[in-house]
Amino acid sequence: MGKRRVKATICNEAGEVELAVLEGTMGPEALDIQQLYPDHGLLAFDPGFRSTASCKSAITFIDGEAGVLLYRGYPIEELAEKSNFIEVAHLLMLGELPSESEYEDFWGSIRRHSLLHEQVLRFYDGFRRDAHPMAIMVGVVGALSAFYHDAMDMFDGEHRLQAAIRLVAKMPTIAAASYTYSIGRPIRYPRNDLDYAPNFLQMLFGVPSEEYEVNPTLARAMDLILLLHADHEQNASTSTVRMAASSGANPFACIAAGIASLWGPAHGGANEAVLRMLMEIGKIEKISEVIARAKDKDDPFRLMGFGHRVYRNFDPRSRVLQKMAKEVLDHLGIDDPLLEVAVKLEEIAVHDEYFIERKLYPNVDFYSGILLRAMGLPMTMFTAIFALARTVGWVSHWLELQGDSHGIDRPRQLYVGKTLRHYPGKGKKQQR
Ligand code: CMC
């Protein structure tokens, strides 16, 4: 890394400066500007981080032009076909696919930590019945830091892994409880005889008065949804987690910060927004009206589930999800007119000059809403499920960050406020 150097001409007294070019194993090279301010008094300006690599990472790679997504080097399509969420969690968190015995150990320790402290369950009573599950999750996950703070030595690798495992293990219990609480059903305990996705389904849909039978197609679909959403390099929520963690903050508090960031409609909240949009469109005849609104510069409306900061060709996750959505709808015998609207909307948009020019294609959220709705989930749970899946990515980045010595993240700014001025008159203190 860093063998090549380029000369950059800077038009001020700094003159010509030499900057090292850093090479990763794949993807674009990066100019090392770390000494730009200390040596030359200049800041780099990149709001939105369009041209900024905020860290080095070995977890996930995206080639947005080619529509490639790799978890630790493995293509997402291969993992979707051959792996499962827990194996992928091992891969992302610990770097490699597990052997049989490693898998059993890893899954065993996740299973063992799926219960919530009974006192945590009492937090739920403090929320309004109609609270959004994401609001509950931000609160409950943050509150876990009160339970595991003193018992944690951040400098001990075992303790760190334990915290990461606890988060992955408890998140389905927290997410399912956020839902059942909001509809007035008793909160279900986890069942350790079930795999991760089936257990989540039984906590979501089971009732104490009946035996819950897991539908294997739905369990497979849920596992796939979790796997596809598990990580996505330095997106807003992951960067939020990394930044919160850079100060040495408690991991449960850092993940709560990630959940808050994910909630926004430009990020994880888009799956809910896509469904609302499709429901509003309702029928194929109304699609052209919506396309016209999305293209109108005076209208803030955007086609939800379209466009991505990194993917400029297609989002490989949306293709896998589209196939799974059709499979689940067929299996359940659901004829959802919204799927028809979605397919038509995609067809029209991808052939429209506006979307082609701007390289706007369906992203992961475009089909996930239809799939989750077919599985019986309410819209408000869509982003909560995204958060559950992404917890694996967040903790992987949190674990990776612990080995990174760059210290606290502290961006600078281009100050555009008032220049120095003085307080007028005698001031409040002297008047009294
Ligand atoms: N509909 C209509 N126009 C759009 C859209 C859209 N969905 N997305 C971008 N554009 C236009 C935008 O108006 C701009 O046009 P112009 O150059 O004429 O000003 C151009 O495309 C570039 O947009 P941008 O805002 O600079 O792009 P970005 O990389 O900052 O934004 C995005 C990426 C995902 C926030 C944006 O595409 C968007 O808001 N999409 C809808 C929300 C969505 O589906 N979000 C989920 C993202 S994937 C899951 C996740 O990461 O959480």
Checklist entry - Most fluctuating residue of Y196, Y415, Y354 in a GNM of the chain with Cα springs under 10 Å: which is it? => result Y415
Checklist entry - What's the Kirkwood radius of the chain in Å, using all Cα pairs? => result 23.7 Å
Checklist outcome for this item: Taking 135-145, 324-334, 283-293, 361-371 and ranking on average Cβ neighbours within 10 Å, highest first, one gets 361-371, 135-145, 324-334, 283-293
Checklist entry - Karplus couplings for segment 379-384 from phi (6.51 cos²θ - 1.76 cosθ + 1.60, θ = phi - 60°), rounded to Hz, Gly and Pro as x? => result 3, 5, 8, 4, 6, 5
Next on the checklist: Probe of 1.4 angstrom, ligands and nucleic acids ignored: what's the accessible area per residue over segment 260-316, in square angstrom?
Outcome noted: 52 Å²
Next on the checklist: Given a 1.4 Å probe and heavy atoms of the protein chains only, how would you sort R220, R191, largest accessible area at the top?
Outcome noted: R220, R191
Checklist entry - Under a 5 Å amide H to amide H cut-off, with H placed in plane at 1.01 Å, what residues pair with L31 once short-range neighbours are removed? => result L22
Checklist entry - So which aspartates and glutamates pass the test for K429, namely a Cα distance under 16 Å, with those fewer than 8 places away in the same chain ruled out? => result none
Item to check | Members of K297/K359; K323/K344; K56/K359 lying beyond 20 Å, as alpha-carbon distances in this model show | outcome: K56/K359
Checklist entry - Near I59, within a Cβ-to-Cβ distance under 14 Å, what is the net charge of the other residues, with Lys and Arg +1 and Asp and Glu -1? => result -1
Item to check | Rounded percent of accessible protein surface that carbon and sulfur make up, segment 151-214, 1.4 Å probe | outcome: 48 percent
Checklist entry - Which value, in debye to the nearest 20, describes the size of the charge dipole of segment 139-200 about its Cα centre when Lys and Arg Cβ atoms bear +1, Asp and Glu Cβ atoms bear -1, and nothing else is charged? => result 380 debye
Item to check | Solvent exposure ordering (accessible area, 1.4 Å, most first) of T60, T419 | outcome: T419, T60
Checklist entry - Residues with beta-carbon under 11 Å from that of F306, excluding F306: net charge, scoring Lys, Arg +1 and Asp, Glu -1? => result -1
Checklist entry - Just how much of E102 is accessible, in Å², when a 1.4 Å probe is used and the result is rounded to the nearest 10? => result 90 Å²
Item to check | Among M93, M26, M134, residue whose mean-square fluctuation peaks in a GNM of the chain (springs only between Cα atoms under 10 Å) | outcome: M26
Checklist entry - Any idea what the dipole of the chain comes to, in debye rounded to 20, about its Cα centre with Lys/Arg Cβ at +1 and Asp/Glu Cβ at -1? => result 2200 debye
Checklist entry - Taking all protein chains as present, what is the carbon and sulfur share of the accessible area of segment 278-432, in % to the nearest whole number, probe 1.4 Å? => result 51 percent
Item to check | Given charges at Cβ of Lys, Arg, Asp, Glu: segment 57-214 dipole, positive-most of Y71, V141, F200 | outcome: V141
Checklist entry - Put +1 on the Cβ of each Lys and Arg and -1 on the Cβ of each Asp and Glu in segment 104-259; which of L226, I183, G258 then has its Cα farthest toward the positive end of the dipole? => result I183
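The values are calculated or read from the model by the stated rules, or taken from the named source; none is laboratory data. Predicted, not measured: the structure shown is a model, and the values here were computed from it. Please note: Cβ atoms are built from the backbone with ideal geometry, for glycine as well, and neighbour counts cover all protein chains shown. For accessibility, only protein heavy atoms count, side chains too; no ligands or nucleic acids. Shrake-Rupley method; radii C 1.70, N 1.55, O 1.52, S 1.80 Å.
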